[in-house]
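The values are calculated or read from the model by the stated rules, or taken from the named source; none is laboratory data. Please read these numbers as outputs of a predicted model, since none were measured by experiment. Ideal geometry is used to build each Cβ from the backbone, glycine not excepted, and the neighbour counts take in all protein chains shown. Quick note on the areas: whole protein, heavy atoms, side chains included, nothing else; ligands and nucleic acids left out. Shrake-Rupley method; radii C 1.70, N 1.55, O 1.52, S 1.80 Å.
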Amino acid sequence: MTTATALATADPAGHVDAGRLLARLDALARHGARADGGVDRPALGAAEIAARADLVAWGRASGLTPYTDGLANLFLRLPGFADAAPVLVGSHIDSQPTGGRFDGTVGVLAALAAVEAIRAAGIRPKRPIEVVAWMNEEACRFAPGMMGSEAYAGLKTVDQILPIKDAAGTTVGEAAAAVLAADRDVPLRPLPGRAHAFVEAHIEQGTVLEAAGVPLGIVTGIQGTRRYRIRVTGEAAHAGTTARSDRRDALMAAMRMIAAVEDLTREAADTLFTVGLFEVKPNAPSVIPAEAFFSIDVRQADDAVLDRLGTAIPETLAAHAGPCSVDVREIAHAPSVAFDEGLRCTLSKAAAALGAPAMDVFSAAGHDARSLARVCPTAMLFIPCRGGVSHHPSEHAEAEHIVLAARVLATTLARLADG
Ligand code: GLV
Ligand code: MN
Ligand code: MN
């Protein structure tokens with residue numbers, strides 16, 4: 001076995017098994033596969049349970065020990081020779097309903113390939129290295145997202161998260177219990193956890209790398225976000241017999257609110273505003289809508305702008321309720337994050353050692369790395385994403401870029417685990 005002090009000569013990057021990494025990407029894409037080639041794999045659902053079983057089996061076959069916790073985060077651990085906090089590397093395997101095969105999954109599989117490469121190179125790291133698949137990054141089944149990573153980082157307690165329900169009324173607690181029951185001999189560990197450092201590889205979900213023709217992005221940080229759920233309550237009534245002056249139309253009120261908030265968010269040209277979820281009740285053609293329920297997702301890099309919106313959005317919603325009542329719940333507020341400079345430098349050096357061009361990029365999308373950045377040195381590695389298309393079945397990343405990311409991770413992890 002090579003000791004940690006001989007890492008410079010061990011070259012784990014050269015031990016990444018590209019064929020196995022790409023075959024696993026295909027294999028995981030079958031769990032929750034959509035007819036159009038995309039992936040629909042909600043957090044803690046049956047497809048994720050099957051994908052998780054694959055990860056556990058692959059990790060075990062490579063000599064890694066699986067662990068989990070009360071929120072069904074999954075860890076695959078390569079032991080270190082010192083009793084020290086682990087270096088964490090990974091991402092998530094849940095997807096949006098119209099997801100692609102790469103968002104999250106690439107980061108977990110590249111991490112696994114990198115740790116396997118460290119083992120194959122005969123390196124015995126000082127610190128343990130753990131591949132992680134965080135529970136519920138995407139927030140499409142249970143909201144808000146980043147649940148697993150926020151609990152690991154101690155930003156939320158398990159008790160705050162377990163009662164959260166999906167649209168069918170199933171709680172995180174019930175769904176996580178089903179996942180844990182399906183595990184075979186995967187020991188439970190307590191939350192929060194304690195990491196020495198965290199690295200996450202991910203598709204860029206933007207076009208900066210593609211436009212520059214650069215295969216790797218060293219991520220400088222993540223823009224801030226605020227997320228809301230809004231319930232507008234009016235009154236159901238007959239569409240033909242109720243005069244305009246007597247109506248309490250929840251849909252009309254919601255439309256006024258959305259238009260007004262969209263206008264408000266134009267104060268800074270680079271603020272992004274999305275209403276991705278919208279439901280109306282009773283949703284019958286001849287009945288005036290009694291209730292509208294919708295989401296607001298706002299993204300902005302400048303925290304001062306995001307802070308102003310935090311005051312102005314609820315005020316604007318209330319001001320446009322008309323004869324209806326409105327309940328506004330902010331479910332997430334995450335300021336912008338700047339990643340650790342030392343760790344970014346380690347990633348850059350690992351890329352340079354492989355002769356791979358890399359450039360700084362800022363992340364417009366949210367990631368679990370945001371949670372970990374609050375408690376330990378954290379950084380991200382981006383790979384190009386065709387046309388910037390993501391959260392869509394046609395999402396695509398090139399095999400050579402995925403393999404390159406795994407190689408950079410291998411070198412980076414070997415260095416980190418020596419520290
Ligand atoms: C993550 O999926 C995000 O919506 O930024
Ligand atoms: Mn993701
Ligand atoms: Mn995503």
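Computed on the chain, with alpha-carbon pairs under 8 angstrom and 6+ residues apart, the relative contact order is 24 percent. Each peptide among 43-54, 230-241 gets the average number of other Cβ atoms lying within 10 Å of its residues, and from highest to lowest they stand as 43-54, 230-241.
Between the listed residues Leu306, Pro377, Pro335, the Cα displaced farthest toward the positive end of the dipole of region 270-419, a dipole computed from Cβ unit charges relative to the Cα centre, is found at Pro377.
Counting only the Cα atoms, the chain fills a convex hull of 136 Å³ per residue.
Note: region 151-253, Cα convex hull, 263 Å³ per residue. Placing +1 on the Cβ of every Lys and Arg and -1 on the Cβ of every Asp and Glu, with nothing else charged, gives the chain a dipole about its Cα centre of roughly 640 debye. Electrostatic bookkeeping for Ala113 treats Lys and Arg as +1 and Asp and Glu as -1; over the other residues with beta carbon under 10 Å from its beta carbon, the sum is +1.
Calculated [222 nm] ellipticity per residue, helices only, for the chain: -10000 deg cm²/dmol; basis is -39500 (n - 2.57) per DSSP H run with n ≥ 4, divided by all residues, nearest 500. When the Cα positions of Met252, Pro289, His320 are compared along the charge dipole of region 225-334, Pro289 comes out farthest toward the positive end, with charges on each C-beta of Lys, Arg, Asp and Glu.
In straight-distance terms, cross-link reach from Lys281 covers every one of the aspartates and glutamates whose alpha-carbon lies under 13 Å from its own, apart from those fewer than eight places away in the same chain; here that gives Glu235, Asp249, Glu291. Normalised size of region 225-334, defined as Cα radius of gyration per 2.2 N^0.38 Å with N residues, equals 1.13.
Per residue, the Cα convex hull of region 1-155 amounts to 104 Å³. Kirkwood Rh and Cα-based Rg: tell me the resulting Rg over Rh for region 213-284, rounded to two decimals. The Rg/Rh ratio comes out at 1.20. Seen from Ala167, the other residues with C-beta closer than 11 Å to its C-beta sum to a net charge of 0, counting Lys and Arg as +1 and Asp and Glu as -1.
Ranked by the mean number of other Cβ atoms within 10 Å of their residues, highest first, the peptides 252-264, 92-104 fall in the order 92-104, 252-264. Each Cα pair under 8 Å and six or more residues apart adds its sequence gap; the mean of these over the residue count of region 225-334 is a relative contact order of 47 percent.
Averaged over its residues, region 45-146 has an accessible area of 23 Å² per residue, based on protein heavy atoms and a 1.4 Å probe.
Measuring how big region 76-122 is from its alpha-carbon positions, Rg and Dmax come out at 13.5, 43 Å. Phe293 exposes around 40 Å² of accessible area when a 1.4 Å probe is run over every protein chain in place.
Its relative contact order, with pairs defined as Cα atoms under 8 Å and 6+ residues apart, puts region 212-278 at 21 percent. When the solvent-accessible area of the chain is split by element, carbon and sulfur atoms take up 52 percent of it, the probe being 1.4 Å. A dipole drawn for the chain from +1 and -1 charges on Cβ atoms has a positive end, and of Ala61, Ala351, Leu74 the residue lying farthest that way is Ala61.
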